[in-house]
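Every number in this text was worked out from the coordinates using simple rules, so none of it is lab data. Note that the coordinates shown come from a computational prediction; the quantities given were computed from them, not determined experimentally. No Cβ is skipped: glycine too gets one built from the backbone with ideal geometry, and neighbour counts run over all protein chains shown.
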Amino acid sequence: MPVTQITFVGHTKERIIESIRTLRELPVTRIILAVGKPDTSGERKARRVAKEIADELKTIFDVEIVEIDKKNIMNAVLELVEIAERERETGNEVVFNVSGSLRTFAIAAYIAASITNSRVFSSIPKYGENDEEEGIEEIVELPILPVSFPGREQMEILKAIGDGVSSLDELVIKLNPEIGKGRREFQSERSRLSHHLSKLERTGFVKREKHGRNVKIILTELGKAITAALDRQ
């Protein structure tokens, strides 16, 4: 199966190029070069490096440059999950290469890889006698953590929550529009959903916010990422 390699671009062009070449045993057909946003002074240099890398690689690979939020890790995770799932829809496997990335990008890539069950690679730099970097000593694959995915019923709840619901009763009605609020079945369903929500809150997929007499239920950034990933499968 062809592979899309998502590579994070900093200021170390040579390390990034060498890491891409070192992963040549993978059937990579497409390279996505990720740079940070907003367009700060440091990112302007990263964009120049990304453009130079793209120019060098475009005769071998299909190359695209994308912008990823570098200040908010969970926003970056959401963006990376969307990119990874988009690539999978075209029939490609996805690997993340964090050899030249900022620490925040590396964390975001690791979380996104764990969610999408993708592979992650990083490089160990090689240093010369003057303690200056002289390329790559080796590429290592990082083991991803298994994410505890919600079950089928809990996924239905997450999807129903969507952009948020103003109360538990609203969630019951969204999932069961045929049940009248005054019926016994409504209270039974309310108890069932409350039990699932407690589990989803403990695992970090939802959170509840008190607004007056109501408790609003919203997805966390992790909940949004999981929903986006599983919704495409």
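The table for this structure:
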{"quantity": "Cα principal axis extents for the stretch 157-233, largest first, Å", "calculated": "36, 31, 19"}
{"quantity": "Footprinting exposure proxy for Phe105, Phe61 (fewest neighbouring C-beta atoms within 10 Å first)", "calculated": "Phe61, Phe105"}
{"quantity": "Paramagnetic reach from Ile60 in the stretch 134-169 [backbone N under 16 Å; point 7 Å along Cα→Cβ]", "calculated": "136, 139"}
{"quantity": "Gain on full stretching of the segment that runs from Lys71 to Ile107 - 0.36 nm per residue minus C-alpha separation", "calculated": "11.8 nm"}
{"quantity": "Zone residues, the stretch 178-213, relative to Ser114, backbone N less than 20 Å from point 7 Å out along Cα-to-Cβ", "calculated": "199-207"}
{"quantity": "Pairs of lysines in the stretch 6-145 (C-alpha under 15 Å apart; 8 or more residues apart or interchain)", "calculated": "7"}
{"quantity": "Those GluC sites (Glu not before Pro) in the stretch 1-91 that DSSP places in a loop and that have at most 11 other beta carbons within 10 Å", "calculated": "Glu25"}
{"quantity": "Test item: Cα-centred dipole of the stretch 110-153, Lys/Arg +1 and Asp/Glu -1 on Cβ, debye", "calculated": "600 debye"}
{"quantity": "Helix-only CD estimate at 222 nm, as mean residue ellipticity for the chain, using -39500 (n - 2.57) per DSSP H run (n ≥ 4)", "calculated": "-14500 deg cm²/dmol"}
{"quantity": "Radius of gyration and maximum dimension Dmax of the chain, Cα, Å", "calculated": "21.7, 79"}
{"quantity": "Set of lysines with alpha-carbon distance to Lys216 below 24 Å, sequence-local pairs under 8 removed", "calculated": "Lys159, Lys174, Lys181, Lys199, Lys207, Lys224"}
